[in-house]
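For reference, the structure is listed below as structure tokens.
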Amino acid sequence: MRGKSYLAALLFSVVMIPKSKAQTTSLKLPQAEGVSSLQNPLEESSSSSKPMQVYGQIRVENMQYLTPIPEQPGLTYSQLLSARLSLLKETSILDFAADASGGTFFSKGQSHTMVHEAYMSSRGLGNLKISLGRKKKEWSEVDHRWNLGLWQPVYSIDALRPEEEGLAGLFIDYNTQGWEILAFGTTFNIPNMGPDIREDNGGLAADSRWYRPPSRDYDFNSNINTISYKLDIPDQLDLVKNGGGAMMGRIGNKESGPWIVVSGGYLPVNELILKRAAYKNISADKVDVTVTPEVTYHRIGSMDLGYTFGSLKASISYLADDPKEIRPDGDLSIQKLKPLQAYSAAIDFSMANILVRPITVQFEYLKVVGGGIQDITANGTPDSFTMFDSRLKFTDAVQVKLEGQVATFFRRPFVTRFKYLYDYDQRGSLLNTEFLYYPHQKWAVVAGADVLGVQDENYDKSGFLNEFRANDRVYGGMTYVF
């Protein structure tokens, strides 16, 4: 069920919802020199208006996949021009903030736009902040670290570069250094976004190497039939105007000492489910299938326990959800999302006191129980055909990340980012490595590679690492920060 983002037009529905920045805004502001973007708090120092702060980043990138796909030779190479812009504006009574990005693939003739955050926030209420718009919050450690998309939606036009997006609605947040309580309510929800899907000669396709189309083989009376798919997209408002609510509480300071965060809510599932109608053509070995996206809800809860001492942070996290089962009408079938429980442990620390140059290190482990998908009929019994069988990319994985400056050339920093992930359920691994050289404070030369592999290609053929093992790639480009 990964990668269904024919709903890209939904992005523009949030552009008109302003958003703001309070004492601890979650906007990631590009950093001119160093490792990556960072979270800069905006202090409410006075009640007077201030000039608008503008931060941005422009990137030009060439990407080459090492293995061509015969059916889609045009996806072997791409050229991307992308930009990101963050705006902060303080007035005497309100703060406004926005974070948006967009890009154009020259070789594909495609463009995309995303509003990551856009909100307005109250001022002058002390520790109380009332915000309206799309805003990121720290609902769950495991959801954030592994980009599960269970609490907050995920934008993943590139599956190896997913980005967590904010929920959209009303936030009432009382936040002090020692404790916090947050209430959230909304009348609409923006789902996960990925590559645009289209009909293509009876199948479903996308101009992306990260889209997994459903199988076109269907067993009908012990005969293998060919499925011909069609899309039936409902009114986009019907997919967006689904409300919900959640609460979050924190005790302790996440910057020092012990802390605990508990969150719970009843919200739309960020990943759309698929309903389908199948019509058998008796005169041919063919099955016509019409696919329609729908929204379901889930109860979701999570708990994080952690301890922070200086540059060392250790945490354990638990998340569980219980999706609502929807029964289709008549001869239709629909996806039933099975409940899941996710467990995670993580250790973050900096080696600044050990090495000459600062290197940050992260060790993380994820274990997911449940989380399957089963297509069911109108009476709730399993259907003989299931389009997709898993809700998540990784279910039993460990990963290590390193990031920091490793050298200096001509008195300018040379930075590296390294991530290695191994999934025991899939018996496969993912390696990401990237190098950045800053010849100038605002310029960076970028080069990197991504390598996917499995131990046995015949084991877990529908697993993410096996499905996309041919997507090894190298890339390079330049980034300008302002």
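Annotations
- Which numbered condition Phe394 fails, given (1) over 19 Å from the mean Cα position of the chain (by Cα); (2) outside any strand (DSSP E or B); (3) within 30 Å of Thr292 (Cα to Cα); (4) of a type outside the set (D, E, K, R): (1)
- Region 187-225, residues that are over 20 Å from Ile157 (Cβ atoms), open to solvent by 20 Å² or more (accessible area, probe 1.4 Å) and either at pLDDT 85 or above or among the aromatic types (Phe, Trp, Tyr) (or both): Thr187, Phe188, Asn201, Tyr218, Phe220
- Residues satisfying the criterion are absent from region 136-149 (criterion: surrounded by 17 or more Cβ atoms within 10 Å (Cβ to Cβ) and either assigned to a strand (DSSP E or B) or free of Cβ contacts under 8 Å to residues at least 12 places away in the same chain (or both)).
- Criterion (without any contact (Cβ under 8 Å) to a residue 60 or more places away in the chain and open to solvent by 70 Å² or more (accessible area, probe 1.4 Å)) met by exactly one of Lys286, Lys241, Lys230: Lys241
- Of all the residues in region 98-127, those that are closer than 30 Å to Thr176 by Cα and part of a strand (DSSP E or B) number 11.
- Condition check for Val54 on (1) at pLDDT below 85; (2) open to solvent by 60 Å² or more (accessible area, probe 1.4 Å); (3) of a type outside the set (D, E, K, R): one failure, at (1).
- For region 364-389, the candidate set comprises residues that are within 24 Å of Gly301 (Cα to Cα) and without any contact (Cβ under 8 Å) to a residue 40 or more places away in the chain; within that set, the residue that is most open to solvent (accessible area, probe 1.4 Å) is Tyr365.
- From the list Ile282, Ile251, Ile300, the one residue that fits, being at pLDDT below 95 and of a type in the set (A, V, I, L, M), is Ile282.
- Residue tally, condition over 22 Å from the mean Cα position of the chain (by Cα), of a type in the set (D, E, K, R) and assigned to a strand (DSSP E or B), over region 293-331: 1
- Per the listing Phe106, Phe96, the residue uniquely open to solvent by 60 Å² or more (accessible area, probe 1.4 Å), aromatic (Phe, Trp, Tyr) and at pLDDT 95 or above is Phe96.
- Selected residue [under 30 Å from Ile224 (Cα atoms), at pLDDT 95 or above and of a type in the set (Gly, Ala, Ser)] from Gly380, Gly370: Gly370
- Of the strands (runs of 3 or more DSSP E) lying entirely inside region 173-282, those containing at least 2 residues that are among the aromatic types (Phe, Trp, Tyr) and touching a strand residue (DSSP E or B) at 6+ places or on another chain (Cβ under 7 Å) are 179-186, 217-220, 256-268.
- Per-region count, region 419-436, residues part of a strand (DSSP E or B), open to solvent by 50 Å² or more (accessible area, probe 1.4 Å) and farther than 14 Å from Leu402 by Cβ: 0
- Ser344 satisfies every condition listed in (1) under 26 Å from Ser302 (Cα atoms); (2) hydroxyl-bearing (Ser, Thr, Tyr); (3) not in a strand (DSSP E or B) except (3).
The values are calculated or read from the model by the stated rules, or taken from the named source; none is laboratory data. Since the structure is predicted, the reported quantities are computational estimates derived from the model, not experimental observations. Please note: Cβ atoms are built from the backbone with ideal geometry, for glycine as well, and neighbour counts cover all protein chains shown. Note: accessible area is taken over every heavy atom of the protein model, side chains too, but ligands, DNA and RNA are not part of it. Shrake-Rupley method; radii C 1.70, N 1.55, O 1.52, S 1.80 Å.
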